[in-house]
Amino acid sequence: MRILGIDPGLNTTGYGVIDAQGQRLRYVASGTIQIPRAGALPQRLKTLFDGVAEVAQQAQADVAVVEIVFVNVNPQSTLLLGQARGAAIAALVANDLPVVEYTALQLKKSIVGYGRASKAQVQEMVARLLALPGLPATDAADALGLAICHAHAQRGLSVLEQAAQPGAALGNAPTGDRLAAAQLRGLRTRRGRLLG
């Protein structure tokens with residue numbers, strides 16, 4: 001599955017593309033879309049829309065992932081970021097891409113293991129997870145992190161879906177797999193034994 005991550009911003013929007021196959025993640029591309037600070041807001045949003053649409057066309061992704069806006073101390077900044085996010089999502093949908101959303105907390109928890117990790121920690125872990133020769137720019141690292149977060153979430157969902165299949169893994173699987181499947185179905189276990 002090819003995943004396109006977008007970290008929207010009104011000045012700089014990051015993007016990152018990865019391929020995910022099972023547990024394997026492969027870096028495809030990343031970068032930033034620079035939006036000129038001069039000019040009226042509608043023109044800046046059009047530049048953002050056009051840039052994201054071009055990236056979406058070139059990436060040929062199966063799904064797009066966008067960061068959910070957090071409420072900032074400054075309401076004006078939150079509104080502007082929301083408008084930038086809307087332009088990015090509209091560009092993705094205009095290119096027939098399904099859009100999935102994650103919070104910054106979910107991103108950081110998935111990549112670093114700690115929801116309040118710094119941007120530098122996210123950059124470092126993204127570089128390690130994708131075996132990059134150097135650190136990506138912060139906005140590109142966030143976008144790549146969103147794509148990785150979605151790959152992790154999809155892998156977890158596929159395990160749950162398999163375990164939820166009637167009779168899946170309980171009959172002829174090794175004991176450890178049967179117990180894991182039972183736990184996923186909500187059955188109670190203690191010390192490796194099913195409880196009644």
Query - Cut-off under 5 Å, modelled amide H: who pairs with T103 long-range - result: I68
**Report entry** Net charge of neighbours whose Cβ lies under 9 Å from the Cβ of G14, counting Lys and Arg as +1 and Asp and Glu as -1
**Finding:** -3
Report summary line: Other residues with Cβ under 13 Å from the Cβ of D139 give, with Lys and Arg +1 and Asp and Glu -1, a net charge of -2
Report task. Note down the net charge around P36, summing +1 for each Lys or Arg and -1 for each Asp or Glu among other residues with Cβ under 12 Å from its Cβ. Result -> +3
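Computed from the coordinates by the stated procedures, all read-outs in this text should not be read as laboratory data. Because the structure is a prediction, the values reported are computed rather than measured. Methodologically, a virtual Cβ is constructed for each residue, glycine included, from the backbone with ideal geometry; neighbour enumeration extends over all protein chains shown.
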